[in-house]
């Protein structure tokens, strides 16, 4: 019975990165041996145990065999006769198929250290093609390690394309797709060579999987925008630039999702109207609903994405709005009752504005304008209206009338009269 440190802990240590958790593989043991040694069983699909002191996970070495479609289509075999090399060969990438014994000796039968040095993400064996989740994992690892110069090996991209062609990606479970996508979106992008979630979507698009799991997003590719406003032209390029802005600003996950989904409506613009995209806000709402329902996106993420899709154009030209329209916008964005939601909506609109070639660090006065407008309108409270004798629905009507007047008086000098 011998334990080996495996996977990400070995990889990250060799890269000089912090090791956040450690996973172990045990060779030469049966489940009853682990229980007798004080380990607590926790695995459902195959034997995994918690160390009695450290509580770290120890899994029995195992082999796996394809027995059906999708992520769950496998049968596993464990036992004292399964070798470390047999366990490592079933893993996804060579950089994740290394181990260290308890004396610190590196075990690297499939060239993981070589690929770390070459900054290449390469599949371990043809068995990679048996699990479609590995397409998502490779894309996520590509995004995570892109700042270090990593790319996906050509032969691995070819294999993923073949998997998509064979229909394996069609068996990805919605919850797993979104879980991996959340993890890809959530990287910390601060720093000069910061994290870029866009790489995750680019890899999925490059192998054809984006069309299968997020067709609304893939449909943006090749859709042109007006070059005077969007020098990058391509709508998908713009969307992914906006997502990278959100990561660079270290905005929360909800903002990153809203940046990802805000322009889905541009793919629904009739081709004869290109490169203009009038009404893409309204056209985008059912697509956001459809996307979020299929992938089971949490309600908080969906609600912000819908609000930003609906109102980002008004936020961009907020200085043109009449006081009544401005008040309606503030109310819809939760300015008076949902302060965090309001701020996140503004952050997502900023990502949209800066997610353009040459505009990455541009000023975006709409944020300060809307905050100031919110403060001016919020100075009028319902209590004062009630004190003046209003009751029932009349309170809300009078409150809106007074707040509209307040915004009229507040409007910065020179603001245009618009919608």
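A few points about this structure:
- Which numbered condition residue 343 misses (of (1) closer than 20 Å to residue 261 by Cα; (2) touching a residue at least 40 places away in the same chain (Cβ under 8 Å)): (2)
- Residue match in the range 5-19 (condition: modelled with pLDDT of 85 or more and over 32 Å from the mean Cα position of the chain (by Cα)): no
The rows are residues; the columns are (1) modelled with pLDDT of 95 or more; (2) not in a helix (DSSP H, G or I).
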{"residue": "104", "(1), (2)": "no, yes"}
{"residue": "110", "(1), (2)": "yes, yes"}
{"residue": "113", "(1), (2)": "yes, no"}
{"residue": "116", "(1), (2)": "yes, no"}
{"residue": "134", "(1), (2)": "yes, no"}
{"residue": "139", "(1), (2)": "yes, no"}
{"residue": "142", "(1), (2)": "yes, no"}
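- Residue in the range 252-259 that is surrounded by 19 or more Cβ atoms within 10 Å (Cβ to Cβ), touching a strand residue (DSSP E or B) at 6+ places or on another chain (Cβ under 9 Å) and closer than 30 Å to residue 317 by Cβ present: no
- Any hit, the range 263-275, residues being touching a residue at least 60 places away in the same chain (Cβ under 8 Å), assigned by TED's automatic domain parsing to the domain that holds residue 359 and either surrounded by 19 or more Cβ atoms within 10 Å (Cβ to Cβ) or within 15 Å of the chain's Cα centre (by Cα) (or both): yes
- Annotation: of all residues in the range 230-245 being outside any helix (DSSP H, G or I) and either in contact with a helix residue (DSSP H, G or I) (Cβ under 7 Å, 6 or more places away or on another chain) or modelled with pLDDT under 95 (or both), the one that is farthest from residue 162 (Cα to Cα) is 230.
- Of 395, 367, 386, 308, all but one fail to be surrounded by 13 or more Cβ atoms within 10 Å (Cβ to Cβ), in a helix (DSSP H, G or I), out of contact with any strand residue (DSSP E or B) (no Cβ under 8 Å at 6 or more places or on another chain) and free of Cβ contacts under 8 Å to residues at least 12 places away in the same chain; the exception is 386.
Here's the yes/no breakdown for (1) assigned to a loop (DSSP other than H, G, I, E, B); (2) within 19 Å of the chain's Cα centre (by Cα):
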| site | (1), (2) |
| --- | --- |
| 221 | yes, yes |
| 254 | no, yes |
| 260 | no, yes |
| 278 | yes, no |
| 283 | no, no |
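- Selection of the range 320-335 for residues being assigned to a helix (DSSP H, G or I) and under 20 Å from residue 279 (Cα atoms) yields 320, 325, 326, 328, 329, 332.
- One residue from 146, 129 being closer than 30 Å to residue 194 by Cα, touching a helix residue (DSSP H, G or I) at 6+ places or on another chain (Cβ under 8 Å) and either part of a helix (DSSP H, G or I) or touching a residue at least 60 places away in the same chain (Cβ under 8 Å) (or both): 146
The values are calculated or read from the model by the stated rules, or taken from the named source; none is laboratory data. Here the structure is a predicted model, which is why all the values come from computation and not from measurement. A quick note on method: Cβ atoms are made from the backbone with ideal geometry, for glycine too, and the neighbour counts reach across all protein chains shown.
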